[in-house]
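Visitor: So that we are looking at the same thing, I have put the structure below in structure tokens.
The numbers here are math on the coordinates, done by the rules we state, and not lab data. Keep in mind that this is a model prediction, so the values were computed, not measured. Heads up, the Cβs are rebuilt from the backbone with ideal geometry, glycines too, and the neighbour counts pull from every protein chain shown.
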């Protein structure tokens with residue numbers, strides 16, 4: 001069970017954006033004509049931000065009407081559709097193995113979480129907004145890194161408590177900077 005995995009936070013790694021570009025390229029080729037955008041979101045998308053070494057990727061589609069075609073293409077790359085996991089307009093995908101997304105090179109790909117969102121997805125908008133706020137405000141990056149390191153130490157074996165511990169910070173920042181971007 002995912003909640004059993006320890007929470008490991010690492011200092012920012014210059015390899016994260018490079019790994020995203022490789023995965024994005026494979027996804028773009030396969031989803032040509034279906035995906036509007038492929039966004040690097042989450043903590044690994046913010047320079048100098050400490051993070052779990054897992055890249056979060058949001059594939060943006062115009063409408064959920066395109067989802068069946070996207071599911072089929074992603075299955076060809078080795079992804080398994082997990083459903084919306086309770087979040088409207090956002091579908092989650094798991095990897096069959098460490099080589100997903102499959103490509104000609106058939107090499108190991110960086111660990112990542114993949115989501116497909118339509119352009120109306122509130123979760124997508126939240127991901128992009130929070131990422132962009134942090135990218136523009138280095139002091140917030142430092143504050144958030146410190147919080148994540150402290151929480152990962154305190155809740156190393158409890159991902160749910162770790163995530164809940166970040167909620168107040170994220171909510172406060174989203175409210176304070178809502179009209180600033």
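Visitor: Counting only residues that are assigned to a loop (DSSP other than H, G, I, E, B) and touching a strand residue (DSSP E or B) at 6+ places or on another chain (Cβ under 7 Å), which one in region 89-100 is surrounded by the fewest Cβ atoms within 10 Å (Cβ to Cβ)?
Guide: Top of the filtered list is 96.
Visitor: Among the residues of region 165-181, write down those that are over 21 Å from residue 11 (Cα atoms), part of a helix (DSSP H, G or I) and without any contact (Cβ under 8 Å) to a residue 24 or more places away in the chain.
Guide: Across region 165-181, the qualifying residues are 168, 171, 172, 175, 176.
Visitor: Check residue 84 against each of (1) under 15 Å from the mean Cα position of the chain (by Cα); (2) closer than 23 Å to residue 159 by Cβ; (3) in contact (Cβ under 8 Å) with a residue 24 or more places away in the chain and name the one condition it does not meet.
Guide: (3)
Visitor: Oh, and also: Which residues, taken from region 21-39, are buried (at least 16 other Cβ atoms within 10 Å of the Cβ), free of Cβ contacts under 8 Å to residues at least 40 places away in the same chain and closer than 18 Å to residue 127 by Cβ?
Guide: Matches in region 21-39: 24, 35, 38.
Visitor: Condition (residue is within 12 Å of residue 23 (Cβ to Cβ), without any contact (Cβ under 8 Å) to a residue 60 or more places away in the chain, in contact with a strand residue (DSSP E or B) (Cβ under 8 Å, 6 or more places away or on another chain) and surrounded by fewer than 20 Cβ atoms within 10 Å (Cβ to Cβ)) applied to region 58-74: is it met by at least one residue?
Guide: Looking for residues that are within 12 Å of residue 23 (Cβ to Cβ), without any contact (Cβ under 8 Å) to a residue 60 or more places away in the chain, in contact with a strand residue (DSSP E or B) (Cβ under 8 Å, 6 or more places away or on another chain) and surrounded by fewer than 20 Cβ atoms within 10 Å (Cβ to Cβ), one finds none in region 58-74, hence no.
Visitor: From (1) without any contact (Cβ under 8 Å) to a residue 12 or more places away in the chain; (2) assigned to a helix (DSSP H, G or I), pick out the condition that doesn't hold for residue 144.
Guide: Single failed check for residue 144: (1).
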